[in-house]
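I have a structure here, written as structure tokens, and I will follow up with some questions on it.
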Amino acid sequence: MPYITVGKENSGPIDLYYEDHGSGKPVVLIHGWPLSSKSWEKQVPVLVDAGYRVIAYDRRGFGNSAKPTFGYDYDTLAEDLHRLMTELDLDDATLVGFSMGGGEVARYLGTYGSDRVEKAVFISAIPPFLLKTADNPEGIEGSVFDGLMESIAADRPAFLSRFFSDFYNVDVFMGDRVSDEVVRLSWNIAATASPVGTLDCVSGWLTDFRSDLESIDVPALVIHGDADRIVPFLASGKRIPGLVKESRLVVIEGGPHGITWTHPEVVNRELLDFLEQRVEPLQPVTGLS
């Protein structure tokens, strides 16, 4: 299995696992919390078949990557992405971030610029700034994140069961767009993640990405479900286009957080269309299902 080394903890290397498939312009897939690159199951074959080189990697602490006890802040996570981009010598790449992965996309572009990047995609992503503050009234109360961390620390496996129920809106989509087996698969992947990383990443969600988004000088696509119970649309996806110079917003009506699985026909279509052409600023697209 291919790995790149991004650091060291005591006697052990911090290695990131990645998969590299297909040929053509590179598309880098950055997964959400607390999953791994396996969560792109509905996207990887479609992108490869369309003629793209697809790189999907596991964030430190998750999947097959090393599980250090530090480095779950976005500066470090963006540096990990930068090392992957440099090691594989990727150019004209499209960065696709789902949920927490959207933070890596924003911080990478805000820190390292777009020399290697042609386009950016934010799917159910956490930017611009989730924490409610005096200058960010659209955000979420800090007590919500405190409660999440308390629940994870108290009983992480039980927390994950509740989390994935809301991740897929199983009360709405069970038996239609999601199965018991998919929810179980997600739980199994998340359960093998680093307990430390799972907990520490929650603090990272409070990162302010507004200046990162304002610095983005490549076209961006934003896809978000308006029934997202994990990263509420009004606090996140709806606001990103107001900060990115050239962007397009696609709202999936009734879509939960995990739209890459529940609504792959919409996500894949919009993603492929975006990859094929330069995007100009457009009015939001609504009513898709």
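Nothing in this text is a laboratory measurement; each read-out follows from the coordinates by a stated rule. Everything numeric in this text was worked out from a predicted model, so none of it was measured. Counting neighbours? That spans all protein chains shown, and the Cβs are built from the backbone with ideal geometry, glycine included.
Taking L148 and the conditions (1) closer than 18 Å to F62 by Cα; (2) among the hydrophobic types (A, V, I, L, M, F, W, C); (3) assigned to a helix (DSSP H, G or I), which numbered condition does it fall short on, given that it satisfies the others?
In the conditions (1) closer than 18 Å to F62 by Cα; (2) among the hydrophobic types (A, V, I, L, M, F, W, C); (3) assigned to a helix (DSSP H, G or I), L148 misses (1) alone.
Separate question: Out of all the residues in region 201-215, which are in a helix (DSSP H, G or I) and either out of contact with any helix residue (DSSP H, G or I) (no Cβ under 8 Å at 6 or more places or on another chain) or not acidic (D, E) (or both)?
Result: C201, V202, S203, G204, R210, S211, L213, E214, S215.
For region 210-234, enumerate the residues that are in contact with a strand residue (DSSP E or B) (Cβ under 7 Å, 6 or more places away or on another chain) and either farther than 27 Å from E41 by Cα or of a type in the set (S, T, Y) (or both).
I216
All but one of (1) in contact (Cβ under 8 Å) with a residue 24 or more places away in the chain; (2) part of a loop (DSSP other than H, G, I, E, B); (3) at negative phi hold for G71; state the number of the condition that does not hold.
Of everything listed in (1) in contact (Cβ under 8 Å) with a residue 24 or more places away in the chain; (2) part of a loop (DSSP other than H, G, I, E, B); (3) at negative phi, G71 misses just condition (3).
Then there's this: I'd like the residue in region 47-59 that is surrounded by fewer than 24 Cβ atoms within 10 Å (Cβ to Cβ) and touching a residue at least 60 places away in the same chain (Cβ under 8 Å) and, out of all such residues, is farthest from M85 (Cα to Cα).
Among residues in region 47-59 that are surrounded by fewer than 24 Cβ atoms within 10 Å (Cβ to Cβ) and touching a residue at least 60 places away in the same chain (Cβ under 8 Å), the one farthest from M85 (Cα to Cα) is A50.
Any residue at all in region 136-147 that is among the hydroxyl-bearing types (S, T, Y), surrounded by fewer than 21 Cβ atoms within 10 Å (Cβ to Cβ) and more than 30 Å from G254 (Cβ to Cβ)?
Among the residues of region 136-147, not one is among the hydroxyl-bearing types (S, T, Y), surrounded by fewer than 21 Cβ atoms within 10 Å (Cβ to Cβ) and more than 30 Å from G254 (Cβ to Cβ), which makes the answer no.
Does A125 satisfy being touching a residue at least 60 places away in the same chain (Cβ under 8 Å) and touching a strand residue (DSSP E or B) at 6+ places or on another chain (Cβ under 6 Å)?
Here the answer is yes, as A125 does meet what is asked.
Only one of (1) buried (at least 19 other Cβ atoms within 10 Å of the Cβ); (2) closer than 23 Å to L271 by Cα; (3) among the hydroxyl-bearing types (S, T, Y) fails for Y72. Which number is that?
Status for Y72: all satisfied but (2).
Right, here's the next one. If you take the residues of region 206-229 that are under 19 Å from A78 (Cα atoms) and of a type in the set (A, V, I, L, M, F, W, C), which of them is surrounded by the fewest Cβ atoms within 10 Å (Cβ to Cβ)?
For region 206-229, the residue satisfying everything is L206.
Among the β-branched types (V, I, T), over 27 Å from L243 (Cβ atoms), surrounded by fewer than 23 Cβ atoms within 10 Å (Cβ to Cβ) and within 18 Å of the chain's Cα centre (by Cα): does that describe V44?
The answer is yes for V44.
Going by what's in this entry, would V121 be described as crowded, with 23+ Cβ neighbours inside 10 Å and either on the phi < 0 side of the Ramachandran plot or in contact with a Ser or Thr (Cβ under 7 Å, 6 or more places away or on another chain) (or both)?
Here the answer is yes, as V121 does meet what is asked.
Something else about it: Would you be able to tell me the number of residues in region 1-41 that are closer than 16 Å to R83 by Cα and either crowded, with 24+ Cβ neighbours inside 10 Å or within 16 Å of the chain's Cα centre (by Cα) (or both)?
Result for region 1-41: 6.
Within region 234-260, how many residues are more than 19 Å from F164 (Cβ to Cβ), under 16 Å from the mean Cα position of the chain (by Cα) and assigned to a helix (DSSP H, G or I)?
Summing the residues that are more than 19 Å from F164 (Cβ to Cβ), under 16 Å from the mean Cα position of the chain (by Cα) and assigned to a helix (DSSP H, G or I) in region 234-260 gives 2.
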